[in-house]
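J.: What follows is a single structure, and I will ask about it in a moment.
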Amino acid sequence: MRYATREGLLAWLDRLAQEADLIAPRDVDGHVLYRPVHSGAEVLLEYERPELPAKEFLFPATEVILRIEQRGKDVTLEEVLPDRRQVIFGLRPCDAHGLAAIDALFLNQDPPDAYYRHHRERTTLVGMACTRMWDGCFCTSMGGGPADPTHLDVLVRPAEGGLYILQPVTPKGVAVLESLPLAEVRGEPRPIPVEEYNPPVPVTPTEKWRTLFEEQRLWMRHGERCLSCRICTYVCPTCRCYDVVDRVVDVRPGRVLTERIRVWDACTSPNYRRVAGGHNPRPTNWERLRNRFMCKFCYYPEDFGPLGCVGCGRCIVACPVEIDITEVMEDVAGA
Amino acid sequence: MPLTNPMRPYRGRLVGIRNLATGIKLFQVELLEPEGRAAFADYKPGQFAFVSAFGAGEAPFGITSTPHRGPVLEFAVNALGHVTFALHSLDVGDPVGVRGPLGNWFPMDRLRGKNIVILGGGIGGAPLRPVIHTILDRREDYGHLTILWAARSPDLLVFTEEFDEWRSAWATDLHVTVDQAGPGWTGNVGLITQLLEKVAPSPENAVAITCGPPIMIHFVFLTLKKLGFAPEQMLTTLEARMHCGIGKCGRCNLGEKFVCKDGPVFWQYEIAGFLEGFL
């Protein structure tokens, strides 16, 4: 175990910000968000669950996947990706768990996603354990926990005496800790225990979800009031659907520059599954919401392994009409 | 950046464009890079590809050509949306991108020796044309070929200039119908399912292959069933507005299945077993 003082940790972050793109929890007009930072002073060390997951730094909400330059009838295609190392500091364990779920599809299913793989390889995940569970959190039911190091490169745990315990998990984690000034400690300062656990939520096997697909009343009870606003997928650390569009960025005589961009998409969007000619196999809100829940608890695990939910609770807090994924899970368990 | 980026299209050039039907054009694409030509050296009937109109985007289309008839790729495109309108505005010589070939294909080997019934509705005939060409070009490998070709109106019938070739082939029948007749139309009027009941091909040693709007596929399957066709004697190809073609973007899911990776070609019994229907 390695220990650091608050000052030591902040000095290390100052240094990381020089050497790499550093992403860390920051106060943005009263909102806690993972954002690029340039010094340790900007970084929050005591903070609740950031309002958005960190997936945007590995799977950007809008990402240029191709630069297309047309000169007359000639076309050149260029893939441009940042080469700088990236460190995400202060990642909550649930958000690392969410990336592991995306890995199962974007890295482990052939062919891998070239862009996501590139970002994943250049990124080191330094997590910060939670000392309590926040509003709506149910990570402990989803195979995670407030101090779960599993999907991180380093886990940082707040400890007694204002110290921090740094636990390297992977070789990448060992490497990133090399520049950390270590604190001299006596004995073994203990991590601050989790002060409050939320009640567990039942996780039902995929086979049972499958049998409930046609239970229209169950899905309508939750999904009929859905507004198709798509915020649940936006705040979700595992939702990964995308759209690809071209955006002309510069037009000059004899030359057109286009960016092909990939943008987040949402299965709760009315046009998501519409086909050419206008037919839509999921024309209603409740059918689309059923797809979202079925994807998370049945399709995704059957197709790719992990569940499509890590229990971060963000969709519960964000939903404007109080659709609660844990209530759906309870209903499915009790059906 | 790794060399193998499945989202990067091969560069191509339009070498031919012709009107197939009202609002539908046939685009002929020559691939410019050796890598692209190698990738498309041996694509199969039923596979699809993304075609880019640079500056507007890319969209998936069933490939309507067959490699043994030449290296030029052909796509039938109905002007319905942003990308397809942009494609329609292009001229011969203009650049396009092609990404593929993607998806599974019609099991032409398994169909050898069978009597084949093809049922194409509108532009849904486009992905079936390579099946017809494969059968016509290896005519002795297959049994009787019955083609039922339909459209909403006569001006929407595709590949009409090939009707003579199809009709004159050995042991091949072509039946054409339109939902609504137009001026000068003297042929059948009615839905493809009505024509199917009238033609009533025997299910004996036969396989039926259909593509068209979802509602048409649904009723063609029902009518085929009435005629005695079993689920393992009916094939179709589904479509979706995909964005990756490699099982990542999520856009084409039907339950836990992906049209792009598990399909687009499916047996009727596979579809019948889907948790979520295509209709």
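Every read-out reported here was derived from the displayed coordinates using simple, explicitly stated rules and does not represent laboratory data. Treat the numbers as computed from the prediction; the structure is a model and nothing was measured. No Cβ is skipped: glycine too gets one built from the backbone with ideal geometry, and neighbour counts run over all protein chains shown.
J.: P(r) of the stretch A:1-128 in 5 Å steps, Cα pairs, percent per bin?
T.: Calculated P(r), rounded to whole percents: 2, 10, 17, 19, 18, 13, 9, 6, 3, 2, 1, 0, 0.
J.: I need A:Val310, A:Val328 ordered by Cβ neighbour count within 10 Å, fewest first. Please report the intermediate quantities before stating the final value.
T.: Details: A:Val310 32, A:Val328 22.
By the 10 Å Cβ count, ascending, the order reads A:Val328, A:Val310.
J.: Mind checking which of B:Met216, B:Met234, B:Met108 has the largest fluctuation in a GNM of chain B, springs on alpha carbons under 10 Å?
T.: Largest GNM mean-square fluctuation: B:Met108.
J.: Once R0 is set to 25 Å, what does the formula 1/(1 + (r/R0)^6) return for the Cβ-Cβ distance between A:Glu78 and B:His82, expressed as a FRET efficiency to the nearest 0.05? If you can, show how the numbers build up before the last one.
T.: On the way: r = 23 Å, r/R0 = 0.92.
With R0 = 25 Å, the Cβ-Cβ based efficiency is 0.60.
J.: Which three extents, in angstrom, do the Cα atoms of the protein assembly as shown have along their principal axes, listed largest first?
T.: 95, 62, 39
J.: Per residue of B:267-275, count partner chain C-beta atoms within 10 Å of its C-beta, then hand back the mean as an integer.
T.: Working: counts 0, 0, 0, 0, 0, 0, 0, 0, 8.
That average works out to 1.
J.: Mind checking Rg over Rh on the stretch A:158-209, alpha carbons, Kirkwood formula for Rh? Each step should come with its number before you reach the end.
T.: Details: Rg = 18.2 Å, Rh = 14.9 Å.
Using only Cα positions, Rg/Rh for the stretch A:158-209 is 1.22.
J.: Also: Which order, highest average first, do A:200-208, A:287-295 follow once you tally other Cβ atoms within 10 Å for each residue and take the mean per peptide? Working shown, then result.
T.: Details: A:200-208: 13.8, A:287-295: 23.4.
My ranking of the peptides, most packed first, is A:287-295, A:200-208.
J.: I would also like to ask the following. Normalised by the empirical 2.2 N^0.38 Å for globular proteins, what value does the Cα Rg of chain B take?
T.: Values: Rg = 18.2 Å, N = 279, 2.2 N^0.38 = 18.7 Å.
Rg over 2.2 N^0.38 Å, computed on Cα atoms: 0.97.
J.: Arranged by the count of other C-beta atoms within 10 angstrom, fewest first, what order do B:Asp109, A:Asp331, A:Asp250 take? If you can, show how the numbers build up before the last one.
T.: Working: B:Asp109 7, A:Asp331 17, A:Asp250 10.
Fewest-to-most Cβ neighbours within 10 Å comes out as B:Asp109, A:Asp250, A:Asp331.
J.: Relative contact order for chain A: what percent, with Cα pairs under 8 Å and sequence separation of 6 or more? List each step's numbers first, then the result.
T.: Numbers: 648 pairs, mean separation 70.6, N = 335.
It rounds to 21 percent for chain A.
J.: Just grab the label-to-label distance for B:Ile215 and A:Leu107, each label 7 Å out from Cα along the Cβ direction, in nm (one decimal).
T.: Between B:Ile215 and A:Leu107, the simple spin-label model gives 4.7 nm.
J.: Oh, and also: Kindly give Rg over Rh for chain A, based on alpha-carbon atoms, with the Kirkwood expression for the hydrodynamic radius.
T.: Working: Rg = 21.8 Å, Rh = 21.6 Å.
With Rh from the inverse mean 1/r over Cα pairs, Rg/Rh is 1.01.
J.: Just want the ordering: A:His97, A:His38, A:His151, A:His118, from fewest to most Cβ atoms lying within 10 Å of their own Cβ. Before the final figure, lay out each step's value.
T.: Numbers: A:His97 29, A:His38 11, A:His151 23, A:His118 19.
Ascending Cβ contact count within 10 Å gives the list A:His38, A:His118, A:His151, A:His97.
J.: Next question, about the same structure. When N is the residue count of the stretch B:10-102, what does its C-alpha Rg come to as a fraction of 2.2 N^0.38 Å? Write down the numbers at each step before the final one.
T.: Working: Rg = 11.9 Å, N = 93, 2.2 N^0.38 = 12.3 Å.
Relative to the 2.2 N^0.38 Å estimate, the stretch B:10-102 comes out at 0.97.
J.: Going by the alpha-carbon gyration tensor, a ≥ b ≥ c the square roots of its eigenvalues, is the stretch B:125-182 rounded (a/c under 1.5) or, if a/c is not under 1.5, prolate (a/b greater than b/c) versus oblate?
T.: Working: a/c = 2.49, a/b = 2.08, b/c = 1.20.
Here the stretch B:125-182 falls in the prolate category.
J.: Could you sort the peptides B:32-38, B:110-116, A:299-305 by per-residue average Cβ neighbour count (10 Å cutoff), highest mean leading? Kindly include the intermediate steps, with their values, before the conclusion.
T.: Working: B:32-38: 13.6, B:110-116: 16.3, A:299-305: 19.3.
Going from most to least packed, we get A:299-305, B:110-116, B:32-38.
J.: Charges at C-beta only: +1 for Lys and Arg, -1 for Asp and Glu. How large is the resulting dipole of the protein assembly as shown about its Cα centre, in Debye rounded to 20? Write down the numbers at each step before the final one.
T.: Working: 66 positive and 75 negative charges, 153 e Å.
Dipole size: approximately 740 debye.
J.: State the Kirkwood hydrodynamic radius of the stretch A:266-311 in Å, one decimal place, computed from all pairs of distinct Cα atoms.
T.: On the way: mean 1/r = 0.0882 Å⁻¹.
Evaluated over the stretch A:266-311, this radius sits at 11.3 Å.
J.: How many Å³ per residue does the convex hull of the Cα positions in the stretch B:132-274 occupy? Intermediate results must be reported in sequence, preceding the final value.
T.: Values: hull volume 19.0 nm³, N = 143.
Residue-normalised Cα hull volume stands at 133 Å³.
J.: In addition: By how many nm would the segment from A:His31 to A:Arg67 lengthen if fully extended, with 0.36 nm per residue of separation less the alpha-carbon distance? Mind showing how you got there, number by number?
T.: Working: separation 36, 0.36 × 36 = 12.96 nm, distance 3.38 nm.
So the extension gain works out to 9.6 nm.
J.: Right, something else. What ranking, highest mean first, results for peptides A:225-232, A:277-284, B:44-51 when packing means the other Cβ atoms within 10 Å averaged over each residue?
T.: On the way: A:225-232: 16.9, A:277-284: 14.8, B:44-51: 24.2.
The packing order, highest mean first, is B:44-51, A:225-232, A:277-284.
J.: May I pose another question? Rounded to the nearest 0.05, what FRET efficiency do A:Glu19 and A:Asp135 have when you use their Cβ-Cβ distance and R0 = 35 Å? Working shown, then result.
T.: On the way: r = 36 Å, r/R0 = 1.02.
Calculated value: 0.45.
J.: To the nearest 0.05, how large is the calculated FRET efficiency for A:Glu322 and A:Arg247 if R₀ is 30 Å and r is the Cβ-Cβ distance?
T.: On the way: r = 36 Å, r/R0 = 1.19.
It comes out at approximately 0.25.
J.: For the pair B:Asp173/B:Ala200, report the inter-label distance in nm, with labels modelled 7 Å from Cα in the Cβ direction.
T.: Taking the simple label geometry, B:Asp173 and B:Ala200 are separated by 1.1 nm.
J.: In the structure shown, do any of A:Lys73/B:Lys261; A:Lys208/B:Lys257; B:Lys44/B:Lys248; B:Lys44/B:Lys198 have a Cα-Cα gap over 26 Å, and if so which?
T.: Values: A:Lys73/B:Lys261 33 Å; A:Lys208/B:Lys257 18 Å; B:Lys44/B:Lys248 22 Å; B:Lys44/B:Lys198 32 Å.
Over 26 Å Cα-Cα: A:Lys73/B:Lys261; B:Lys44/B:Lys198.
J.: Let me know the mean shielding of B:77-90 by other chains, meaning the per-residue number of their Cβ atoms within 10 Å of its Cβ. Please report the intermediate quantities before stating the final value.
T.: Numbers: counts 0, 2, 0, 3, 1, 2, 2, 1, 0, 1, 0, 0, 0, 0.
Counting Cβ atoms of other protein chains within 10 Å of each residue's Cβ and averaging gives 1.
J.: Now a separate question. Considering only C-alpha atoms, what is the centroid distance from the stretch A:156-199 to the stretch B:39-105, in Å?
T.: With the stretch A:156-199 and the stretch B:39-105 each reduced to a Cα centre, they are spaced 55 Å.
J.: Against the 2.2 N^0.38 Å scaling, with N counting residues, where does the stretch A:193-335 land? I'd like the Cα-based Rg ratio to two decimal places.
T.: On the way: Rg = 18.4 Å, N = 143, 2.2 N^0.38 = 14.5 Å.
Scaled against compact globular proteins, the figure is 1.27.
J.: Between B:Ala41 and A:Ser228, how many nm apart are label points set 7 Å from Cα along the C-beta direction?
T.: So the two model labels end up 4.7 nm from each other.
J.: Here is a further query. Need one word for the stretch A:103-150: rounded, prolate or oblate. Basis is the Cα gyration tensor (sqrt eigenvalues a ≥ b ≥ c); a/c below 1.5 gives rounded, then a/b vs b/c decides.
T.: On the way: a/c = 3.30, a/b = 2.01, b/c = 1.64.
Prolate, because a/c is 1.5 or more and a/b exceeds b/c.
J.: Now for a separate question. Shielding by partners for A:68-74, please: the mean number of other protein chain Cβ atoms within 10 Å of each residue's Cβ. Let's see the in-between values first.
T.: On the way: counts 6, 1, 4, 0, 3, 6, 3.
Averaged over the peptide's residues, the number is 3.
J.: What is the Cα convex hull volume of the stretch A:172-266 when expressed per residue in Å³?
T.: Values: hull volume 30.9 nm³, N = 95.
Cα-based convex hull of the stretch A:172-266, divided per residue, equals 325 Å³.
J.: Let me ask something else about it. Relative contact order for the stretch B:115-237 using alpha-carbon pairs under 8 Å, separation at least 6, rounded to a whole percent? Can you show the working numbers first?
T.: Numbers: 212 pairs, mean separation 36.6, N = 123.
Computed value for the stretch B:115-237: 30 percent relative contact order.
J.: Rounded, prolate or oblate: which fits the stretch B:13-166 when a ≥ b ≥ c are the square roots of the eigenvalues of the alpha-carbon gyration tensor, with rounded for a/c under 1.5 and prolate only if a/b beats b/c?
T.: Details: a/c = 2.08, a/b = 1.33, b/c = 1.57.
Oblate.
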